[in-house]
Ligand SMILES: Cc1cc2nc3c(=O)[nH]c(=O)nc-3n(C[C@H](O)[C@H](O)[C@H](O)COP(=O)(O)O)c2cc1C
């Protein structure tokens, strides 16, 4: 079974993207994946500063690097701020991709990213569903040597898209998410077939 990591680029309590991450996790479990649902609020990661880093990479950054590395497949639920992805997502990825000097394992900054198969989702209450955040996130992930699933989905009018249990109301939305999940799992199982 492919290990799938799902996380949202928001820590807001009522976040649409966190809701989408939870709904995606349920869909992925039904599809047979072993799912880790990661909350970025569980990581004590400061705003990136190279002087701070020179005094020692925060332990939670190393914990995050390890988690990312352990999962060959990811789904990222990306909110849209000003036509792009959030500072939280950028800061998290910057830390996770920054080499840990002198560390034999983590001095390779892209180790946690290289070869990962990533599905991009987004949610917004606007009509475009945060789609523009994906267009900025894609080149960042490719730069880190991730493989992006050609399928993606942007959930618009997100305020009315979930029921009281957090499930997607519309079957069409559910199917779009499932399509992304299946493609990510399909590609990851082939690209990582020889992994230990
Ligand atoms: C600074 C800022 C800029 C935003 N820009 C956009 C935008 O460009 N497009 C959009 O659809 N929503 C935009 N929004 C609204 C967010 O999509 C909305 O706050 C959404 O709920 C954030 O995702 P979350 O629910 O997962 O926290 C913006 C919100 C903030 C705070």
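Taken together, the values in this text are just the output of simple stated rules run on the coordinates, not laboratory data. Quick caveat, the model's predicted, so the values are computed rather than measured. A quick note on method: Cβ atoms are made from the backbone with ideal geometry, for glycine too, and the neighbour counts reach across all protein chains shown.
Points to keep in mind about this one:
- For the chain: relative contact order, % (alpha-carbon pairs under 8 angstrom, 6 or more apart): 24
- Computed from Cα positions, the angle between helix 87-96 and the longest principal axis of the chain comes to roughly 40 degrees.
- Residue 140 versus residue 103: modelled label distance in nm, points set 7 Å from Cα along the beta carbon direction: 2.0
- GNM top mover of 22, 165, 71 - the chain, alpha-carbon springs below 10 Å: 165
- Fully extending the segment from residue 94 to residue 171, taken as 0.36 nm per residue of separation minus the present Cα-Cα distance, adds 24.1 nm.
- Placing R0 at 41 angstrom, the Cβ-Cβ distance between residue 190 and residue 14 gives a FRET efficiency of 0.65 after rounding to 0.05.
- Over the chain, DSSP H runs of length four or greater, each weighted -39,500 (n - 2.57), average out per residue to a 222 nm ellipticity of -12000 deg cm²/dmol.
- Modelled label reach - residue 127, point 7 Å along Cα→Cβ, segment 75-112 residues with backbone N closer than 20 Å: 80-84
- Between residue 52 and residue 67, the simple label model (points 7 Å from Cα in the Cβ direction) yields a spacing of 1.8 nm.
- With the gyration tensor restricted to C-alpha atoms of the chain, the semi-axes of the equivalent ellipsoid amount to 27, 20, 14 Å, longest first.
- Three-way shape label, segment 126-196, alpha-carbon gyration tensor, a/c 1.5: oblate
- Here the relative contact order of segment 149-196, from alpha carbon pairs under 8 Å that lie six or more residues apart, stands at 44 percent.
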